[in-house]
Structure formats: C-alpha cells, structure tokens
Amino acid sequence: MANQHFLNEVNDRKTFAIISHPDAGKTTITEKLLLLGQLIQTAGSVKGRKGDKHATSDWMAMEKQRGISITSSVMQFPYKDRTVNLLDTPGHEDFSEDTYRTLTAVDSVLMIIDGAKGVEDRTIKLMDVCRLRDTPILTFINKMDRDIRDPIELLDEVEDVLKIAAAPITWPIGMSDFFKGVYNLYTDTIHVFVRGRGHTLMDDIRIQGLQSDEAKTLLGDDWEAYVEEIDLVRGASHEFDHAAYLAGELTPVFFGTALSNFGVREMLDGFVEWAPSPIDRETNSRMVSAVEEKFSGFIFKIQANMDPKHRDRIAFMRVCSGTYSRGMKMRHCRIGKDIKVTDAVSFTAGDREGVEEAFSGDIIGLHNHGTIQIGDTFTEGEDLKFTGIPHFAPELYRRVRLKDPMKMKALQKGLQQLSEEGSTQLFMPQRNNELIVGAVGQLQFEVVAYRLQDEYKVECIYEPVNVNTARWVDCDDAKKFEEFKNKCRDNLAVDGGGHLTYLAPTRVNLMMAEEKWPQVRFRATREH
Ligand code: GDP
C-alpha cells in the first residue's frame, strides 16, 4: 500500500500543455498562468517574442533572431493546493514533431481559440494528435475584448470541425468595446470586466445572480435580451459532464481575454478541479499506474544548449510512477544498465535547478552524454518499455554535403546525435555513402546546419534529393524480406536508430512497392 504523502502528491498533480494556432494567445495566457501561479510578479517578463525582451526559455541566438520559440520548456507552479506542470510547446509548425511528442507526456491539454478567427488549421492538426490518446481538452476562447464572432457560432464550429461536444461554463456579456464580463452558467455569478488590468493580479469583481439588481444595472437595456440568450444557450448546448470530459468526448468552454488577464482565473480554477491527475500508462507488458510506488518514466524530448554555459544535452523525462529522489539508482531499460542519478534537474520557467524529489506527473531533466534516446524507459529495476511515443515520417528531404570533406566523421557524429534528439531524422542509403536528412519543416534544416557549425564545427550544404516520403519496413516472413531487401536495395536506407527504411521518390512509387510486396509492412510512423 502506497504511503499517504506520496498518494497526495500524485493526486495533486496536473500536467498539461497548451494547443493553439499561432497568434491565438498561447504566450500571453502562459504568462497569466504564471502570474496566477505566482511564479512571476508582473506579466511581460516571460517572453517578449517579437523583438523586445527575450524569453527565459530561449536558448539559441537563432531563436531570438527569428522571434520564435523553437524548443519547449517546462514550468511548475502551485495553485490552490495543487501542483501544476505546464509543458510549453514550440509555436512554429516546423517543429510540430516536438509538439506531438510533448503531447504524449501530458495528461490533458488546454486549447486556445482566437474568438475572431475560430478553429484554425494548426488546432485541427493538434486535436487529431490528442484524439489518438483521448486526451481531455479544456477550451478557452480568447480575445473577447475584440470584435469576435458570434459565440454560439464558435461553439458550433468547435463541435463540427473538431468533433467534440462543447459545454460552455462561462458565457460572454457583449464583446469588443461593449465587453462587460462573463456569466458563469453553473454558479450564477457575473465576473465583471475591468479594462486595462492585465499586468498584475487584482481582486475580482463579482455579482451574484443574473436576476440581481446589480446585474440589471450592469447590463442596462440589454438585460432582458441577455437573459433570453442564456436560456437559449442552456437549452441548445451540452451540459458539463466530467466523465465525458475525462474521456475526451466533451470540452468545457471558458471565454475571456488573456491580454487583460480576464476569465483566465476561472478557467484555471476549473482546470485544477477537473483535469485528470497523472493517468496510467501503457508499456509493452502491462499498464503502469501513476500511484505505484516503484519509480518509472520515459524520455519524450532531448534538448541541447538550453543554457550556453552548460554545453550538455538534457533528456526530458516524464515520471510515470513512483518517486525520483536524488542519488537513486535507475535502470536504463533499452541498454539494460543501472545508473546512479545525482544531478537530475527541474525547470521553472527556463531556470534549471537540481531536483531532490519528483513524483508521477512531474518532468525532470537528465544529463545526457549520448546514451539516452527519445522513447527510452527508466525504472527501478523492472524491464519495461513505455509505448506510444511516435516518430513520424518526415515531409522534406535533403542531401547533406560537406564543405570540407575531411570532416566526415564530425558530420556523421553530429547528424547522428541531432537525430537522436529528434531535431531531424537521418537516413543512410544502402547503395552509396550519402547522408540524407528528413524534417517536418524547412526551419529544422536551418537549425541543424546552425548547430552543426556551432557545436560540431562542420559546415554543410543542403542539396535537393529525389525522395518524397519514407516508410519504415518490416516483415514476418524472413525469406520474403530478404528478397525484398535485394530487389529494392536502391530504395533502402538505414535511419539514425538503425531501422530499415524505404525511401520513395514519388507517392506512386510507394503505392506500387506496397502492392508488389503485400507481406512487407510500410509504416508511416515508428515507435521510439
Ligand atoms: P501565440 O502565438 O499563440 O503565443 O500568441 P501571443 O500570445 O503571442 O498573442 C498574439 C497576439 O495577440 C499578441 O499581439 C497579443 O498581444 C495578442 N493577444 C493575446 N491575447 C489577446 C487578447 O485577449 N486580446 C487582444 N486584443 N489581443 C490579444
């Protein structure tokens, strides 16, 4: 039987990430959450993306130059006796694979929608990733201080496009210049909007009861119409259902404006109340419960040079069960070795601190000297492997050529390490000595070139290569597989992890290969 202190720690944890389309307000809301969590005292200190002060999580000159957040970091803060872990995800879609993997390490997500724009592309994509695991989703409709679209229409869009039931918890009163606040459909309270209070925390002004005199005064001539609207909303929308939310079938919806820090507190209150505590996780042999006392965790991300003063790489681990304590022995399951870990770090808005203790649901960083890869499982001795940490076939491919051919070794080493981090994927064709890198977005290539030069002192050039897509191949029939490998040698390559891959010059070529070799599996994703 697990001890009570441990059980309380685990149950109090809420580990989540934010999904949204660029510009919907993720950075702004992150800042307000940190303000509410008292991790920062004034907004504006987290990230001045577009040129002003740079974010504490920025780690590379290039990132600052471009004003984008390439890498993710983790922020932990206490709120209402709970411990909240917020995993930041890169805003730029060229780094979406990083985002997808981060989503495997959380227990729920917050979806932000720009009220003027509604459901946008990137949100649809990220939602698809969440659906793979039925991740619970809470929704915040942002920018109520602007001219937004009809809220009823917005909820319809969420339901139609994202295929999830929407249950409004709060409902806006007016919008843009006439935005007066939000009404909580469940507590019958109005939270009154006061302009220009976004940077610090202040007391909220609340009115109890839509039927109260204060409510009538606030709404003036619009009161009657608003009461009717609320009746309509109550009749036409889904009611909040906690079980349906936890199953990923229904999303509670809050309205507000992140910029003015309004409606964010309500949303966070709902979040810590309803969001799941660390959930059970699947391995190749059994389910691991978050409240098991024996420690386990998996690596979902590897990142280099977060702080130029520390030139090492950090492997981000999601703790799935038990307790990490400084100096403990862990089993690195893939290589079957026990290691003593004395210097794991935690992340608080980008600052790295040594961590003494961490529980299921927390994220800790291990110093990686080249032996840790994405997807690796660590335990207190049991041989396990957490599953469901995907690797996606890249969408863009380039051949890498060296400016100085003498540096081949350094180039290979650099590309190998960067591919283990998940920065790009490396493919080595069987028919020649070329090196092909694959990425989800153009920017990833640039980051890799920059880092090869910065960290490995090699200059490389990219050239176009005739590859359209890649598929990881395997086959149960060893003889057939040999035949396939001989016949298709020109298309085969080994990836950075040593897995056999089919590089298809065109979609048609891939289709034909699949038809010709029905026994061979062509996979668009592979497990780490
Ligand atoms: P991200 O790309 O999702 O991280 O979006 P940001 O948080 O950087 O916000 C994009 C832009 O929208 C910035 O100029 C913000 O100041 C602005 N913004 C964010 N929230 C609000 C809001 O509630 N109201 C208004 N009017 N602007 C907002």
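Here are a few things to note about the model shown:
- Euclidean distance of C-alpha centroids, the stretch 240-309 and the stretch 101-126, integer Å: 13 Å
- Computed from Cα atoms, the angle from the helix 26-36 axis to the main principal axis of the chain rounds to 60 degrees.
- 11 Å beta-carbon shell around Ser277, net charge (K/R +1, D/E -1): -1
- Taking 7 Å steps out from each Cα toward its Cβ at Asp147 and Glu455 produces label points 4.8 nm apart.
- Counting Lys and Arg as +1 and Asp and Glu as -1 over every other residue whose Cβ lies under 11 Å from the Cβ of Arg334, the net charge comes to +1.
- In a reduced charge model with +1 at each Lys and Arg Cβ and -1 at each Asp and Glu Cβ, the chain shows a dipole moment near 2760 debye about its Cα centre.
- Cα long-axis angle, helix 507-516 against the chain (0 to 90 degrees, to the nearest 10): 60 degrees
- Simple Cβ-charge dipole of the stretch 393-527, Lys/Arg +1 and Asp/Glu -1, about Cα centre, in debye nearest 20: 340 debye
- Cβ-Cβ distance of His242 and Ser176, R₀ of 41 Å, FRET efficiency by 1/(1 + (r/R0)^6): the value works out to about 0.80.
- Charged neighbours of Pro464, selected by a Cβ distance under 9 Å, balance to +1 (K, R count +1; D, E count -1).
- Nitroxide proxy distance, nm - points 7 Å out along Cα→Cβ at Ser212 and Ser289: 4.4 nm
- Tensor-based shape of the chain (alpha-carbon gyration tensor, a/c under 1.5 rounded, otherwise prolate or oblate): prolate
- When DSSP beta bridges are restricted to pairs lying wholly in the chain, around 80% turn out antiparallel.
- Against the empirical 2.2 N^0.38 Å (N residues), the stretch 393-527 has a Cα radius of gyration ratio of 1.07.
- Relative to the longest principal axis of the Cα atoms of the chain, the long axis of helix 264-274 makes an angle of roughly 70 degrees.
- Fully extended contour minus Cα-Cα distance, from Arg326 to Trp223, at 0.36 nm per residue: 31.2 nm
- Protein accessible area in the stretch 100-231, 1.4 Å probe - carbon and sulfur %: 49 percent
- Here the label points at Lys409 and Asp383, each 7 Å from Cα along the C-beta direction, are separated by 3.5 nm in the simple model.
- With all protein chains modelled, accessible area of Asp145 [1.4 Å, Å²]: 40 Å²
- Farthest towards the positive end of the charge dipole of the chain, among the residues Gly118, Gly220, Val520, is the Cα of Val520, using unit charges on the Cβ of Lys, Arg, Asp and Glu.
- Remark: accessible surface ordering of His191, His5, His499, His367 (largest first) is His5, His499, His367, His191, probe radius 1.4 Å.
- Lys/Arg +1, Asp/Glu -1 at C-beta; the chain dipole; positive extreme among Val194, Leu246, Asn509: Asn509
- Global form of the stretch 153-235, assessed from the alpha-carbon gyration tensor, a/c cut-off 1.5: oblate
- Residue pairs, from the table Lys32/Lys301; Lys143/Lys180; Lys26/Lys125, whose Cα atoms sit over 21 Å apart: Lys32/Lys301
- Diffusion of the stretch 425-470 by Stokes-Einstein, at 25 °C in a medium of 0.890 mPa s and with Rh set to the Kirkwood radius over alpha-carbon pairs, works out to 209 µm²/s.
- Of all accessible heavy-atom area on the stretch 393-527, the percent that carbon and sulfur account for (1.4 Å): 49 percent
- The stretch 230-283 shape via C-alpha gyration tensor axes, a/c threshold 1.5: oblate
- Farthest positive-ward along the chain dipole, Cα basis, beta-carbon charges - from Gln417, Pro278, Val161: Gln417
- Å² of accessible area per residue within the chain, as computed with a 1.4 Å probe and no ligands counted: 43 Å²
- Two-site FRET efficiency, Arg523 against Arg431, from Cβ-Cβ distance with R₀ of 22 Å, rounded to 0.05: 0.50
The values are calculated or read from the model by the stated rules, or taken from the named source; none is laboratory data. In this text, all values refer to a predicted model and were calculated from it rather than measured experimentally. Note that we place each Cβ from the backbone using ideal geometry, even for glycine, and neighbour counts take in every protein chain shown. Just the protein is used for accessible areas: all its heavy atoms, side chains included, with ligands, DNA and RNA removed. Shrake-Rupley method; radii C 1.70, N 1.55, O 1.52, S 1.80 Å.
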